[in-house]
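*Asks:* Encoded as structure tokens, here's the structure I'll be asking about.
What follows draws every value from the coordinates through simple rules; no lab data is involved. Nothing here was measured: the structure is a model prediction, and the numbers come from that model. Here the Cβ positions follow ideal geometry from the backbone for every residue, glycine too, while neighbour counts run over all protein chains shown.
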Amino acid sequence: MVVGRLDEPVMKDLAEASARRIVVTARLAASGRPGNVPRDATLIVAPNLTAALDRVARGEADLLVGDLVAVDIALAARYEDDLKIVGMAGEFEHLGFALRPEFSRLVPLIDRALRTMPAADKQRIRAARQAAFDPPPGGWSVTAMRLLPALIAIGVVLAVTLRAFVLLQREMAKRVETEQRLATQLSFQQTMMEVVPYPLVAKDRENRYIAVNRAFEKTLGLRREDIIGRTALEVQSWGPDNSRRLHDLAGMSITHGRREQVEIDFRVSNGGPRHGLS
């Protein structure tokens, strides 16, 4: 097979390559000067098929003569934008086998088999040997180069997704840490409320009870389950008059953000009178 650059005209046979620079592989050259190469052509020997194709692509040689299968694979993988097949070169080498002396009796049989071997089988044997001497060229294949933009896009998406995942993990870790800190603080506050021997309550901005201590339950004879989420007017925990006063006083404190206090007389759970400062 004859290979040339894209501007090289198609030729019928290698005889048209007179006075041209023709490159072949070292393996092909070692088998003897290719008989089909014109005698006035300049023969260049390259160490392998890749090096030979590179010389043609760079303009250091005009044509390459090589095996059809190996050349076709190399062109499709790396050189399809620079080189092309321009013609047939004919058969450049003959198949032969080297035998050890103890197998000399097999020589006539092998020669007979080679003479009757179909051309397609010979070509497959040459292709296998070519592949052994000239390993596939490295670098990116044409297909890989075409897929490169898609691979880059996928890589970018994966990188962005990974970064978002890392940031989310950090945010979740901070949130869990904050929740644990608040839970610890709330547990401490609840513990402190429980150990105080005087009635204590906590309210939200809607003036509803959100926490009471055990002393409050014991003093007024109420359960916290019946108090939490309700207002003093709804519970009537201090009696009708005192509940109204305390409800209004707590509303003023919540609205204006200042401390308010009042003295009240009330009755505890056993009916006894008590005097308190709220």
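*Asks:* Please list, in chain and number order, the residues 5+ apart from Ile44 or on another chain whose amide H is under 5 Å from its amide H, with Hs placed from the backbone.
*Replies:* Ile22, Val23, Val24
*Asks:* For the pair Asp81/Glu260, report the inter-label distance in nm, with labels modelled 7 Å from Cα in the Cβ direction.
*Replies:* Calculated label separation equals 8.2 nm.
*Asks:* For the ranges 12-19, 154-161, what's the packing order if you count other beta-carbon atoms within 10 Å of each residue, average per peptide, and put the highest first?
*Replies:* Answer by packing, highest mean first, reads 12-19, 154-161.
*Asks:* Would you mind calculating the gained length between Glu234 and Arg115 on full extension (0.36 nm times residue separation, minus the Cα-Cα distance), in nm to one decimal? Intermediate values should be presented prior to the final figure.
*Replies:* Details: separation 119, 0.36 × 119 = 42.84 nm, distance 11.38 nm.
Taking Glu234 through Arg115 to full extension adds about 31.5 nm, to one decimal.
*Asks:* Where does the charge balance sit around Arg224 when Lys and Arg score +1, Asp and Glu -1, over other residues with C-beta under 10 Å from its C-beta? Mind dumping the intermediate values first?
*Replies:* Working: positive: Arg214, Arg223; negative: Glu217, Glu225, Asp226.
Here the charged neighbours net out to -1.
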